[in-house]
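The values are calculated or read from the model by the stated rules, or taken from the named source; none is laboratory data. Because the structure is a prediction, the values reported are computed rather than measured. Methodologically, a virtual Cβ is constructed for each residue, glycine included, from the backbone with ideal geometry; neighbour enumeration extends over all protein chains shown.
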Amino acid sequence: MLTPEELKEFEADLLARKAQILKNLEEVHRKQMLMQNQEPKDEGDFAALATEADIDSRIVEQQRRELKEIEIALGKIKNGTYGICEMCEEPIGKERLIVKNFARYCISCREINEREHQL
């Protein structure tokens with residue numbers, strides 16, 4: 001079980017990561033607005049802009065998923081369920097939370113969940 005001090009540390013880390021993601025999303029949005037105003041001079045420019053836009057889109061999608069997971073974790077801290085596996089309802093190991101502070105499953109249940117989603 002996590003101590004109140006550990007919970008505060010995890011919350012601070014989650015809030016810091018949330019702030020960083022929001023900053024990243026804002027920067028990508030600003031960059032996309034600038035790219036929309038650019039006129040490609042040739043096929044190479046067009047391809048470069050399209051590739052960059054695709055990469056940015058994938059990054060934004062990944063960051064939005066992470067942001068959603070962070071919001072869930074912050075909600076769990078508030079309601080007292082942070083660090084509890086959503087499948088088996090056992091504590092998630094502190095070591096796992098250190099590596100992935102928004103983990104929703106313990107290691108065993110994560111493996112089961114991943115196998116089920118691969119089918």
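The residue pairs whose first member lies in the stretch 104-119 and is assigned to a loop (DSSP other than H, G, I, E, B), whose second member is among the acidic types (D, E), and whose beta carbons are closer than 7 Å, counting only pairs six or more residues apart or on different chains, are R104/E86; Y105/E86; C106/E90.
On the given criteria, is L97 in a helix (DSSP H, G or I), at pLDDT 95 or above, touching an Asp or Glu at 6+ places or on another chain (Cβ under 9 Å) and farther than 17 Å from I21 by Cβ? In short, yes. Within the stretch 41-79, the set of residues being modelled with pLDDT of 95 or more, over 18 Å from K23 (Cβ atoms) and surrounded by fewer than 11 Cβ atoms within 10 Å (Cβ to Cβ) comprises K78, N79.
In this entry, C109 passes the filter for residues that are within 20 Å of the chain's Cα centre (by Cα), more than 25 Å from L15 (Cβ to Cβ) and among the hydrophobic types (A, V, I, L, M, F, W, C). Selection of first residues in the stretch 1-28 that are surrounded by 13 or more Cβ atoms within 10 Å (Cβ to Cβ) and assigned to a helix (DSSP H, G or I) and of second residues that are of a type in the set (D, E) and modelled with pLDDT under 95, restricted to Cβ pairs under 7 Å at least 6 apart or on distinct chains, gives the following pairs, ordered by first then second residue: V28/D56. Exactly one residue among I70, I59 is within 24 Å of K100 (Cα to Cα), of a type in the set (V, I, T), touching a residue at least 40 places away in the same chain (Cβ under 8 Å) and in contact with a helix residue (DSSP H, G or I) (Cβ under 9 Å, 6 or more places away or on another chain), and that residue is I70.
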